[in-house]
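The structure appears right after this line, and notes come after that.
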Amino acid sequence: MIDMEKLVSLCKRRGFIFQNSEIYGGINGFWDYGPIGAELKRRIRDSWWKNMVQERENVVGIDTAIIAHPQTWVASGHVASFSDPMVDCKKCKKRYRADDVPESKKHPKGKCPECGGELTEARAFNLMFQTHVGATSDSASLAYLRPETCQSIFTQFKNVYTVSRQKIPFGIAQIGKAFRNEITPRNFIFRSREFEQMEMEFFCREKESEKWFEFWVNERQNWFYGLGISKDRLRLRPHRKDELAHYASSCTDVEFEMPFGWSEMEGIANRGNYDLTQHVKVSGKDLSWFDEAAKERFLPSVIETSVGVDRTLLAVLVDAYHEEQVKDETRVVMRFAPSIAPYQVAVFPLSDKLEEPSHKLERDLRKHFVSDFDDVSSIGKRYRRHDEIGTPFCVTYDFQSEEDHAVTIRDRDTMKQDRVAVDKVTEYLKEKFV
Ligand code: GAP
(Lines give C-alpha, C1' and ligand atoms only; values in the text may rest on other atoms or scores of the structure.)
Protein backbone atom coordinates (compact mmCIF):
# COMPACT_ATOMS: atom_id res chain seq x y z
CA MET A 1 0.00 0.00 0.00
CA ILE A 2 1.15 3.53 -0.74
CA ASP A 3 2.90 5.33 2.08
CA MET A 4 1.43 8.66 3.04
CA GLU A 5 4.55 10.66 2.25
CA LYS A 6 4.42 9.58 -1.39
CA LEU A 7 0.75 10.49 -1.59
CA VAL A 8 1.20 13.90 0.04
CA SER A 9 4.02 14.63 -2.39
CA LEU A 10 1.97 13.57 -5.43
CA CYS A 11 -0.95 15.69 -4.19
CA LYS A 12 1.26 18.74 -4.04
CA ARG A 13 3.12 18.06 -7.28
CA ARG A 14 -0.04 17.62 -9.32
CA GLY A 15 -2.29 20.15 -7.62
CA PHE A 16 -4.68 18.00 -5.60
CA ILE A 17 -3.92 19.39 -2.14
CA PHE A 18 -1.59 22.06 -0.77
CA GLN A 19 -0.68 22.98 2.74
CA ASN A 20 -2.76 26.00 3.70
CA SER A 21 -0.79 29.30 3.97
CA GLU A 22 2.33 27.51 2.82
CA ILE A 23 4.25 30.75 2.16
CA TYR A 24 3.86 31.60 5.86
CA GLY A 25 5.01 28.18 7.01
CA GLY A 26 1.55 26.59 7.00
CA ILE A 27 -1.01 26.27 9.78
CA ASN A 28 -1.55 22.90 11.37
CA GLY A 29 -4.82 21.16 10.53
CA PHE A 30 -5.80 23.25 7.50
CA TRP A 31 -5.47 22.24 3.85
CA ASP A 32 -6.24 23.82 0.49
CA TYR A 33 -7.49 21.97 -2.56
CA GLY A 34 -5.74 22.86 -5.82
CA PRO A 35 -7.30 22.79 -9.31
CA ILE A 36 -7.29 18.97 -9.57
CA GLY A 37 -8.33 18.37 -5.96
CA ALA A 38 -11.18 20.86 -6.21
CA GLU A 39 -12.57 18.95 -9.21
CA LEU A 40 -12.25 15.60 -7.43
CA LYS A 41 -13.92 16.99 -4.32
CA ARG A 42 -16.77 18.39 -6.36
CA ARG A 43 -17.24 15.01 -8.03
CA ILE A 44 -17.54 13.32 -4.60
CA ARG A 45 -20.01 15.89 -3.31
CA ASP A 46 -22.06 15.67 -6.51
CA SER A 47 -22.13 11.90 -6.32
CA TRP A 48 -23.42 12.03 -2.74
CA TRP A 49 -26.02 14.72 -3.47
CA LYS A 50 -27.30 12.86 -6.51
CA ASN A 51 -27.44 9.56 -4.66
CA MET A 52 -28.90 10.91 -1.41
CA VAL A 53 -31.17 13.75 -2.57
CA GLN A 54 -31.85 13.91 -6.28
CA GLU A 55 -32.47 10.21 -6.84
CA ARG A 56 -34.76 9.82 -3.83
CA GLU A 57 -38.32 10.95 -3.43
CA ASN A 58 -38.12 11.00 0.34
CA VAL A 59 -35.00 13.08 0.99
CA VAL A 60 -34.71 16.86 0.53
CA GLY A 61 -31.60 19.01 0.73
CA ILE A 62 -30.86 22.23 2.61
CA ASP A 63 -27.90 24.56 2.94
CA THR A 64 -27.61 26.34 6.27
CA ALA A 65 -25.27 28.91 7.81
CA ILE A 66 -22.01 27.91 9.47
CA ILE A 67 -22.79 30.08 12.48
CA ALA A 68 -25.98 29.31 14.34
CA HIS A 69 -27.63 30.77 17.43
CA PRO A 70 -25.34 29.72 20.31
CA GLN A 71 -28.27 28.05 22.07
CA THR A 72 -28.13 25.46 19.29
CA TRP A 73 -24.90 24.19 20.80
CA VAL A 74 -26.28 24.32 24.31
CA ALA A 75 -29.14 22.09 23.19
CA SER A 76 -26.92 19.72 21.23
CA GLY A 77 -24.68 19.25 24.24
CA HIS A 78 -21.58 20.69 22.57
CA VAL A 79 -21.23 23.68 24.90
CA ALA A 80 -21.26 21.45 27.95
CA SER A 81 -19.43 18.49 26.55
CA PHE A 82 -16.73 20.19 24.51
CA SER A 83 -15.71 22.63 27.21
CA ASP A 84 -12.31 22.36 28.77
CA PRO A 85 -10.95 20.83 30.85
CA MET A 86 -12.81 17.58 30.39
CA VAL A 87 -12.67 13.93 31.23
CA ASP A 88 -14.60 11.06 29.68
CA CYS A 89 -15.95 7.96 31.39
CA LYS A 90 -14.63 5.01 29.41
CA LYS A 91 -17.63 2.90 30.44
CA CYS A 92 -20.83 4.97 30.14
CA LYS A 93 -19.29 7.66 27.86
CA LYS A 94 -20.50 10.49 30.08
CA ARG A 95 -18.39 13.60 29.80
CA TYR A 96 -17.54 15.84 32.78
CA ARG A 97 -15.73 19.05 33.43
CA ALA A 98 -12.62 17.97 35.29
CA ASP A 99 -13.48 20.56 37.98
CA ASP A 100 -16.70 18.68 38.67
CA VAL A 101 -14.74 15.52 39.32
CA PRO A 102 -11.97 16.69 41.66
CA GLU A 103 -10.46 13.24 41.99
CA SER A 104 -9.56 13.30 38.35
CA LYS A 105 -6.98 15.99 38.89
CA LYS A 106 -5.16 14.08 41.58
CA HIS A 107 -5.90 10.70 40.10
CA PRO A 108 -6.12 10.96 36.32
CA LYS A 109 -7.68 7.52 36.25
CA GLY A 110 -10.46 8.48 38.72
CA LYS A 111 -13.90 6.87 38.85
CA CYS A 112 -17.09 8.10 37.18
CA PRO A 113 -19.59 9.54 39.72
CA GLU A 114 -22.45 8.00 37.71
CA CYS A 115 -21.35 4.46 37.06
CA GLY A 116 -17.98 4.07 38.76
CA GLY A 117 -16.20 3.53 35.41
CA GLU A 118 -12.63 4.59 34.74
CA LEU A 119 -12.08 8.17 33.59
CA THR A 120 -9.65 9.36 30.98
CA GLU A 121 -7.04 11.96 31.85
CA ALA A 122 -8.28 15.56 31.82
CA ARG A 123 -8.09 17.19 28.41
CA ALA A 124 -7.98 20.93 28.52
CA PHE A 125 -9.37 21.62 25.08
CA ASN A 126 -12.47 23.13 23.66
CA LEU A 127 -13.20 21.55 20.30
CA MET A 128 -15.53 24.34 19.17
CA PHE A 129 -13.96 27.37 17.54
CA GLN A 130 -15.32 30.55 19.07
CA THR A 131 -15.98 33.86 17.40
CA HIS A 132 -17.93 37.03 18.14
CA VAL A 133 -20.85 38.31 16.16
CA GLY A 134 -21.12 42.08 15.77
CA ALA A 135 -18.93 44.90 17.01
CA THR A 136 -18.60 43.89 20.65
CA SER A 137 -16.48 41.05 21.91
CA ASP A 138 -18.23 40.06 25.10
CA SER A 139 -19.97 36.93 26.28
CA ALA A 140 -23.28 38.12 24.80
CA SER A 141 -21.79 38.17 21.30
CA LEU A 142 -20.07 34.79 21.61
CA ALA A 143 -20.82 32.34 18.81
CA TYR A 144 -19.32 29.13 17.48
CA LEU A 145 -18.29 27.76 14.12
CA ARG A 146 -20.40 24.64 13.75
CA PRO A 147 -18.61 21.42 14.73
CA GLU A 148 -21.13 19.36 12.71
CA THR A 149 -23.64 20.28 10.02
CA CYS A 150 -26.59 18.27 11.33
CA GLN A 151 -27.84 20.55 14.12
CA SER A 152 -29.42 23.02 11.69
CA ILE A 153 -31.28 20.10 10.15
CA PHE A 154 -32.91 19.57 13.54
CA THR A 155 -33.57 23.25 14.21
CA GLN A 156 -35.09 23.67 10.72
CA PHE A 157 -37.02 20.40 10.88
CA LYS A 158 -40.41 22.07 11.19
CA ASN A 159 -39.79 24.68 8.48
CA VAL A 160 -38.61 21.99 6.11
CA TYR A 161 -41.48 19.61 6.64
CA THR A 162 -43.96 22.47 6.36
CA VAL A 163 -42.69 23.51 2.93
CA SER A 164 -41.52 20.25 1.42
CA ARG A 165 -44.79 18.29 1.67
CA GLN A 166 -42.86 15.31 2.88
CA LYS A 167 -44.47 12.85 5.25
CA ILE A 168 -42.68 10.74 7.78
CA PRO A 169 -40.56 8.78 7.00
CA PHE A 170 -38.37 11.27 5.16
CA GLY A 171 -34.87 12.72 5.30
CA ILE A 172 -33.13 16.09 5.24
CA ALA A 173 -29.60 16.27 3.89
CA GLN A 174 -26.86 18.83 3.67
CA ILE A 175 -23.24 19.25 2.68
CA GLY A 176 -21.09 21.85 4.35
CA LYS A 177 -18.04 22.88 6.27
CA ALA A 178 -17.53 21.92 9.88
CA PHE A 179 -14.81 23.05 12.28
CA ARG A 180 -13.20 21.37 15.23
CA ASN A 181 -10.20 22.56 17.12
CA GLU A 182 -8.77 19.05 17.07
CA ILE A 183 -6.12 18.39 19.68
CA THR A 184 -3.98 16.40 17.29
CA PRO A 185 -4.78 17.01 13.63
CA ARG A 186 -2.96 14.29 11.71
CA ASN A 187 -2.72 11.90 8.81
CA PHE A 188 -2.92 14.58 6.13
CA ILE A 189 -6.58 15.51 5.48
CA PHE A 190 -7.90 12.62 7.59
CA ARG A 191 -8.19 14.63 10.81
CA SER A 192 -8.15 18.35 10.17
CA ARG A 193 -9.56 21.40 11.89
CA GLU A 194 -11.67 22.57 8.98
CA PHE A 195 -13.38 19.86 6.98
CA GLU A 196 -16.56 19.11 5.13
CA GLN A 197 -19.40 16.80 6.09
CA MET A 198 -22.25 15.25 4.12
CA GLU A 199 -25.01 14.47 6.60
CA MET A 200 -28.53 13.19 6.33
CA GLU A 201 -31.09 12.90 9.13
CA PHE A 202 -33.91 10.49 8.38
CA PHE A 203 -37.04 11.05 10.47
CA CYS A 204 -39.18 8.01 11.15
CA ARG A 205 -41.39 6.27 13.69
CA GLU A 206 -39.52 4.74 16.56
CA LYS A 207 -40.87 1.29 15.93
CA GLU A 208 -39.53 1.40 12.37
CA SER A 209 -36.20 2.96 13.25
CA GLU A 210 -34.13 -0.23 13.38
CA LYS A 211 -35.46 -1.27 9.97
CA TRP A 212 -34.45 2.12 8.54
CA PHE A 213 -31.11 1.92 10.30
CA GLU A 214 -30.33 -1.35 8.49
CA PHE A 215 -31.58 0.16 5.24
CA TRP A 216 -29.27 3.15 5.47
CA VAL A 217 -26.22 1.10 6.47
CA ASN A 218 -26.70 -0.88 3.30
CA GLU A 219 -27.33 2.18 1.13
CA ARG A 220 -24.27 3.94 2.41
CA GLN A 221 -22.02 0.96 1.88
CA ASN A 222 -23.26 0.76 -1.71
CA TRP A 223 -22.47 4.43 -2.26
CA PHE A 224 -18.82 3.77 -1.39
CA TYR A 225 -18.78 0.82 -3.79
CA GLY A 226 -20.25 3.11 -6.46
CA LEU A 227 -17.24 5.42 -6.11
CA GLY A 228 -15.18 2.49 -7.35
CA ILE A 229 -13.40 1.90 -4.03
CA SER A 230 -12.10 -1.68 -3.70
CA LYS A 231 -14.54 -3.79 -1.70
CA ASP A 232 -11.77 -5.49 0.25
CA ARG A 233 -10.60 -2.15 1.59
CA LEU A 234 -14.02 -1.28 2.99
CA ARG A 235 -15.74 -2.81 5.97
CA LEU A 236 -18.65 -2.16 8.30
CA ARG A 237 -17.93 -1.98 11.99
CA PRO A 238 -20.98 -2.12 14.25
CA HIS A 239 -20.33 -0.39 17.57
CA ARG A 240 -20.36 -2.46 20.72
CA LYS A 241 -23.03 -1.48 23.23
CA ASP A 242 -20.35 0.02 25.51
CA GLU A 243 -19.12 2.29 22.70
CA LEU A 244 -22.49 3.84 21.94
CA ALA A 245 -23.33 7.41 22.89
CA HIS A 246 -25.94 7.30 25.66
CA TYR A 247 -28.77 8.37 23.34
CA ALA A 248 -27.89 6.05 20.43
CA SER A 249 -29.35 2.58 20.20
CA SER A 250 -27.24 1.45 17.22
CA CYS A 251 -24.24 2.78 15.35
CA THR A 252 -22.19 1.32 12.53
CA ASP A 253 -19.08 2.86 11.00
CA VAL A 254 -17.98 2.47 7.43
CA GLU A 255 -14.23 1.95 7.64
CA PHE A 256 -11.54 2.09 4.97
CA GLU A 257 -8.11 0.51 5.17
CA MET A 258 -5.76 3.49 5.18
CA PRO A 259 -1.96 3.16 5.15
CA PHE A 260 -2.22 3.98 8.88
CA GLY A 261 -4.84 1.28 9.57
CA TRP A 262 -8.60 0.74 9.37
CA SER A 263 -10.22 4.15 9.82
CA GLU A 264 -13.70 5.63 10.13
CA MET A 265 -15.12 7.26 7.02
CA GLU A 266 -18.74 7.47 8.06
CA GLY A 267 -21.00 6.83 11.01
CA ILE A 268 -24.59 5.65 10.67
CA ALA A 269 -26.51 5.97 13.92
CA ASN A 270 -29.96 5.50 15.37
CA ARG A 271 -30.14 8.64 17.53
CA GLY A 272 -33.73 8.14 18.69
CA ASN A 273 -35.44 11.50 19.25
CA TYR A 274 -32.64 12.83 21.41
CA ASP A 275 -31.74 15.86 19.27
CA LEU A 276 -35.29 17.03 18.65
CA THR A 277 -36.10 16.56 22.35
CA GLN A 278 -33.13 18.73 23.28
CA HIS A 279 -34.11 21.51 20.87
CA VAL A 280 -37.70 21.46 22.12
CA LYS A 281 -36.44 21.73 25.70
CA VAL A 282 -34.01 24.59 25.08
CA SER A 283 -36.04 26.60 22.54
CA GLY A 284 -39.43 26.00 24.11
CA LYS A 285 -40.81 25.48 20.57
CA ASP A 286 -42.90 22.56 19.46
CA LEU A 287 -41.05 20.49 16.88
CA SER A 288 -43.38 17.53 16.94
CA TRP A 289 -44.87 15.85 13.92
CA PHE A 290 -48.65 15.52 13.62
CA ASP A 291 -49.78 12.39 11.87
CA GLU A 292 -53.14 13.31 10.41
CA ALA A 293 -54.13 9.78 9.53
CA ALA A 294 -53.39 8.36 12.97
CA LYS A 295 -54.43 11.59 14.76
CA GLU A 296 -51.29 11.56 16.88
CA ARG A 297 -48.44 13.90 17.60
CA PHE A 298 -44.91 12.70 18.31
CA LEU A 299 -41.23 13.54 18.07
CA PRO A 300 -39.81 11.28 15.35
CA SER A 301 -36.79 9.06 15.76
CA VAL A 302 -33.76 9.83 13.63
CA ILE A 303 -31.32 7.76 11.64
CA GLU A 304 -28.24 9.79 10.88
CA THR A 305 -25.71 9.14 8.13
CA SER A 306 -22.61 11.30 8.52
CA VAL A 307 -19.61 11.12 6.21
CA GLY A 308 -16.58 13.36 5.69
CA VAL A 309 -15.87 14.65 2.18
CA ASP A 310 -12.16 14.95 2.89
CA ARG A 311 -11.86 11.47 4.36
CA THR A 312 -13.73 10.00 1.43
CA LEU A 313 -11.42 11.86 -0.94
CA LEU A 314 -8.39 10.50 0.91
CA ALA A 315 -9.78 6.96 0.61
CA VAL A 316 -10.36 7.53 -3.11
CA LEU A 317 -6.76 8.74 -3.53
CA VAL A 318 -5.26 5.85 -1.56
CA ASP A 319 -7.34 3.30 -3.43
CA ALA A 320 -6.64 4.81 -6.86
CA TYR A 321 -2.86 4.95 -6.45
CA HIS A 322 -0.97 2.36 -8.49
CA GLU A 323 2.65 1.95 -9.42
CA GLU A 324 3.61 -0.32 -12.27
CA GLN A 325 6.78 -1.14 -14.10
CA VAL A 326 6.71 -0.11 -17.78
CA LYS A 327 10.00 -1.15 -19.37
CA ASP A 328 12.57 0.37 -17.02
CA GLU A 329 10.31 3.11 -15.71
CA THR A 330 7.84 3.18 -12.84
CA ARG A 331 4.49 4.44 -14.03
CA VAL A 332 2.35 6.09 -11.33
CA VAL A 333 -1.29 6.00 -12.27
CA MET A 334 -4.37 7.11 -10.36
CA ARG A 335 -7.06 4.67 -11.37
CA PHE A 336 -10.10 6.75 -10.44
CA ALA A 337 -13.46 5.48 -11.58
CA PRO A 338 -14.17 7.52 -14.75
CA SER A 339 -17.29 8.98 -13.09
CA ILE A 340 -15.23 10.77 -10.44
CA ALA A 341 -11.94 11.45 -12.26
CA PRO A 342 -10.98 15.15 -11.99
CA TYR A 343 -10.66 15.38 -15.78
CA GLN A 344 -12.49 12.94 -17.99
CA VAL A 345 -10.45 13.71 -21.07
CA ALA A 346 -7.34 15.68 -22.10
CA VAL A 347 -6.44 16.89 -25.58
CA PHE A 348 -2.81 17.17 -26.69
CA PRO A 349 -1.65 18.85 -29.90
CA LEU A 350 1.48 17.05 -31.09
CA SER A 351 3.02 20.34 -32.17
CA ASP A 352 2.39 24.08 -31.71
CA LYS A 353 1.41 24.15 -35.35
CA LEU A 354 -1.65 22.02 -34.53
CA GLU A 355 -2.95 24.24 -31.73
CA GLU A 356 -5.90 25.62 -33.63
CA PRO A 357 -7.63 22.40 -34.74
CA SER A 358 -6.88 20.69 -31.42
CA HIS A 359 -8.28 23.66 -29.49
CA LYS A 360 -11.42 23.40 -31.57
CA LEU A 361 -11.75 19.71 -30.74
CA GLU A 362 -11.19 20.39 -27.04
CA ARG A 363 -13.80 23.17 -27.01
CA ASP A 364 -16.30 20.74 -28.53
CA LEU A 365 -15.48 18.05 -25.97
CA ARG A 366 -15.81 20.57 -23.13
CA LYS A 367 -19.55 20.74 -23.83
CA HIS A 368 -19.89 17.08 -22.83
CA PHE A 369 -16.94 16.25 -20.59
CA VAL A 370 -14.70 17.85 -18.01
CA SER A 371 -11.63 18.30 -20.14
CA ASP A 372 -8.13 19.71 -20.15
CA PHE A 373 -5.96 21.11 -22.91
CA ASP A 374 -2.30 20.28 -22.44
CA ASP A 375 0.39 21.55 -24.80
CA VAL A 376 3.29 21.76 -22.37
CA SER A 377 6.42 19.56 -22.77
CA SER A 378 6.76 16.23 -24.58
CA ILE A 379 3.84 13.89 -25.24
CA GLY A 380 5.48 11.35 -22.86
CA LYS A 381 5.51 13.90 -20.04
CA ARG A 382 1.92 14.87 -20.77
CA TYR A 383 0.87 11.22 -20.49
CA ARG A 384 2.77 10.95 -17.23
CA ARG A 385 1.00 14.00 -15.82
CA HIS A 386 -2.43 12.78 -16.84
CA ASP A 387 -1.71 9.28 -15.47
CA GLU A 388 -0.89 10.91 -12.16
CA ILE A 389 -4.04 12.99 -12.11
CA GLY A 390 -6.07 10.02 -13.29
CA THR A 391 -7.44 11.27 -16.63
CA PRO A 392 -9.10 8.18 -18.17
CA PHE A 393 -8.61 9.25 -21.82
CA CYS A 394 -6.00 11.34 -23.61
CA VAL A 395 -6.59 12.46 -27.19
CA THR A 396 -3.60 13.33 -29.35
CA TYR A 397 -4.05 15.46 -32.45
CA ASP A 398 -1.08 14.82 -34.76
CA PHE A 399 0.02 15.77 -38.28
CA GLN A 400 -1.76 12.74 -39.70
CA SER A 401 -5.03 14.15 -38.22
CA GLU A 402 -4.92 16.93 -40.78
CA GLU A 403 -5.04 14.26 -43.50
CA ASP A 404 -7.28 11.52 -42.13
CA HIS A 405 -9.45 13.67 -39.80
CA ALA A 406 -8.82 11.19 -36.99
CA VAL A 407 -7.07 11.33 -33.61
CA THR A 408 -5.41 8.83 -31.27
CA ILE A 409 -7.24 8.08 -28.02
CA ARG A 410 -5.21 6.44 -25.28
CA ASP A 411 -6.82 4.52 -22.46
CA ARG A 412 -5.25 5.35 -19.07
CA ASP A 413 -5.47 1.83 -17.65
CA THR A 414 -4.60 -0.38 -20.61
CA MET A 415 -2.46 2.23 -22.41
CA LYS A 416 -4.05 0.89 -25.60
CA GLN A 417 -4.53 3.43 -28.36
CA ASP A 418 -7.43 3.70 -30.79
CA ARG A 419 -7.60 5.80 -33.94
CA VAL A 420 -10.99 7.54 -33.95
CA ALA A 421 -12.53 9.95 -36.47
CA VAL A 422 -12.61 13.50 -35.06
CA ASP A 423 -16.38 13.74 -35.49
CA LYS A 424 -16.86 10.45 -33.60
CA VAL A 425 -14.75 11.30 -30.52
CA THR A 426 -17.70 12.49 -28.41
CA GLU A 427 -19.68 9.36 -29.22
CA TYR A 428 -16.66 7.13 -28.52
CA LEU A 429 -16.07 8.72 -25.12
CA LYS A 430 -19.75 8.77 -24.17
CA GLU A 431 -19.84 5.01 -24.63
CA LYS A 432 -16.84 4.66 -22.33
CA PHE A 433 -18.49 6.71 -19.57
CA VAL A 434 -21.77 4.83 -19.32
N1 GAP B 1 -23.20 14.50 13.37
C2 GAP B 1 -22.40 13.38 13.73
C3 GAP B 1 -20.98 13.62 13.62
O4 GAP B 1 -20.53 14.72 13.34
P5 GAP B 1 -18.65 12.44 13.81
O6 GAP B 1 -18.32 10.97 13.90
O7 GAP B 1 -18.07 13.33 14.84
O8 GAP B 1 -20.25 12.50 13.82
C9 GAP B 1 -18.81 12.38 11.22
O10 GAP B 1 -18.25 12.96 12.37
C11 GAP B 1 -17.79 12.28 10.11
O12 GAP B 1 -17.19 13.55 9.88
C13 GAP B 1 -16.63 11.34 10.42
O14 GAP B 1 -16.94 9.99 10.12
C15 GAP B 1 -15.56 11.87 9.49
O16 GAP B 1 -15.72 11.36 8.19
C17 GAP B 1 -15.84 13.37 9.49
N18 GAP B 1 -14.94 14.06 10.45
C19 GAP B 1 -15.14 14.22 11.77
N20 GAP B 1 -14.11 14.90 12.31
C21 GAP B 1 -13.24 15.16 11.31
C22 GAP B 1 -11.97 15.82 11.22
N23 GAP B 1 -11.41 16.39 12.29
N24 GAP B 1 -11.36 15.88 10.02
C25 GAP B 1 -11.92 15.34 8.92
N26 GAP B 1 -13.10 14.71 8.95
C27 GAP B 1 -13.77 14.60 10.12
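A quick yes/no check of all residues on (1) more than 16 Å from the ligand (Cβ to nearest atom); (2) of a type in the set (Gly, Ala, Ser):
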| residue | (1), (2) |
| --- | --- |
| SER301 | no, yes |
| THR305 | no, no |
| ASP310 | no, no |
| THR330 | yes, no |
| MET334 | yes, no |
| ALA337 | yes, yes |
| LEU365 | yes, no |
| ASP375 | yes, no |
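For region 41-80, give me each residue that is of a type outside the set (A, V, I, L, M), more than 25 Å from ILE189 (Cα to Cα), in a helix (DSSP H, G or I) and not assigned by TED's automatic domain parsing to the domain that holds VAL163.
Here is the first cut: in region 41-80, the ones of a type outside the set (A, V, I, L, M) are 41-43, 45-51, 54-58, 61, 63-64, 69-73, 76-78.
Okay, now just the ones that are also more than 25 Å from ILE189 (Cα to Cα), so 54-58, 61, 69-73, 76-77.
The next check asks that each one be in a helix (DSSP H, G or I); those that pass are 54, 71-73.
Those that are of a type outside the set (A, V, I, L, M), more than 25 Å from ILE189 (Cα to Cα), in a helix (DSSP H, G or I) and not assigned by TED's automatic domain parsing to the domain that holds VAL163: GLN71, THR72, TRP73.
Can you list the helices (runs of 4 or more DSSP H) found entirely within region 304-408 that contain at least 2 residues being in the same structural domain as GLY29 (by TED's automatic domain parsing) and closer than 30 Å to MET265 by Cα?
309-320
Out of PRO342, PRO338, which single residue is surrounded by 14 or more Cβ atoms within 10 Å (Cβ to Cβ), touching a Pro at 6+ places or on another chain (Cβ under 6 Å) and either closer than 24 Å to ARG13 by Cβ or in contact (Cβ under 8 Å) with a residue 40 or more places away in the chain (or both)? Quick ask: steps written out before the conclusion?
Working: PRO342 fails: touching a Pro at 6+ places or on another chain (Cβ under 6 Å).
Answer to the selection: PRO338.
Against the condition touching a residue at least 60 places away in the same chain (Cβ under 8 Å), of a type in the set (Ser, Thr, Tyr), within 14 Å of the ligand (Cβ to nearest atom) and in the same structural domain as ASN28 (by TED's automatic domain parsing), how does SER230 come out, does it pass?
Numbers: touching a residue at least 60 places away in the same chain (Cβ under 8 Å): yes; of a type in the set (Ser, Thr, Tyr): yes; within 14 Å of the ligand (Cβ to nearest atom): no; in the same structural domain as ASN28 (by TED's automatic domain parsing): yes.
Criteria not met by SER230.
Looking at (1) within 11 Å of the ligand (Cβ to nearest atom); (2) over 22 Å from GLY261 (Cα atoms), which is the only condition ARG205 fails?
The failed condition is (1).
Quick check on my filter: what residues within region 15-44 are without any contact (Cβ under 8 Å) to a residue 24 or more places away in the chain and crowded, with 19+ Cβ neighbours inside 10 Å?
Within region 15-44, just TYR33 meets the criteria.
Is it fair to say ARG191 is of a type in the set (Lys, Arg), on the phi < 0 side of the Ramachandran plot, within 15 Å of the ligand (Cβ to nearest atom) and surrounded by 20 or more Cβ atoms within 10 Å (Cβ to Cβ)? I'd like the intermediate steps shown before the answer.
Details: of a type in the set (Lys, Arg): yes; on the phi < 0 side of the Ramachandran plot: yes; within 15 Å of the ligand (Cβ to nearest atom): yes; surrounded by 20 or more Cβ atoms within 10 Å (Cβ to Cβ): no.
No.
Would you pick out the residues in region 345-368 that are crowded, with 22+ Cβ neighbours inside 10 Å and under 28 Å from the mean Cα position of the chain (by Cα)?
Across region 345-368, the qualifying residues are VAL345, ALA346.
Could you list, ordered by first residue, the pairs with Cβ atoms under 9 Å in which the first is in region 380-406 and over 21 Å from ASP364 (Cα atoms) and the second is of a type in the set (A, V, I, L, M) and modelled with pLDDT under 95, at least 6 apart or interchain?
Here the result reads ARG385/VAL376, each pair linking region 380-406 to a residue that is of a type in the set (A, V, I, L, M) and modelled with pLDDT under 95.
Across region 249-273, which residue is nearest to the ligand (Cβ to nearest atom) among those that are surrounded by fewer than 18 Cβ atoms within 10 Å (Cβ to Cβ) and free of Cβ contacts under 8 Å to residues at least 40 places away in the same chain?
Looking at the filtered set, the residue picked out is TRP262.
State which residue pairs qualify: first residue farther than 15 Å from TRP48 by Cα and inside region 177-202, second residue acidic (Asp, Glu) and within 7 Å of the ligand (Cβ to nearest atom) in any location, beta carbons under 6 Å apart, and separation of 6 or more residues or different chains.
Correct list of pairs: ALA178/GLU148; ILE189/ASP310; ARG191/GLU182; ARG193/GLU182; PHE195/ASP310.
Out of all the residues in region 281-299, is one or more closer than 30 Å to HIS386 by Cα and touching a residue at least 60 places away in the same chain (Cβ under 8 Å)? Outline the logic, then answer.
At the first step, the residues of region 281-299 found to be closer than 30 Å to HIS386 by Cα are none.
Taking every residue of region 281-299 in turn, none turns out to be closer than 30 Å to HIS386 by Cα and touching a residue at least 60 places away in the same chain (Cβ under 8 Å).
Need the failing condition index for THR277 against (1) surrounded by fewer than 17 Cβ atoms within 10 Å (Cβ to Cβ); (2) in contact with a helix residue (DSSP H, G or I) (Cβ under 6 Å, 6 or more places away or on another chain); (3) of a type in the set (Val, Ile, Thr), just the number.
(2)
Among the candidates SER306, SER358, which residue alone is over 26 Å from SER401 (Cβ atoms) and modelled with pLDDT of 95 or more? Let's see the steps before the verdict.
Working: SER358 fails: over 26 Å from SER401 (Cβ atoms).
Of SER306, SER358, the one residue that is over 26 Å from SER401 (Cβ atoms) and modelled with pLDDT of 95 or more is SER306.
If you scan region 128-153, which residues turn out to be within 16 Å of the ligand (Cβ to nearest atom) and out of contact with any strand residue (DSSP E or B) (no Cβ under 9 Å at 6 or more places or on another chain)? Steps first, please.
Keep residues of region 128-153 that are within 16 Å of the ligand (Cβ to nearest atom), which gives 128-129, 144-153.
If the condition is that a residue be within 16 Å of the ligand (Cβ to nearest atom) and out of contact with any strand residue (DSSP E or B) (no Cβ under 9 Å at 6 or more places or on another chain), then GLN151 is the only one that fits.
The values are calculated or read from the model by the stated rules, or taken from the named source; none is laboratory data. Keep in mind it's a predicted model, so treat the numbers as computed, not measured. Every residue, glycine as well, gets a Cβ built from its backbone with ideal geometry; the counts of neighbours run over all protein chains shown.
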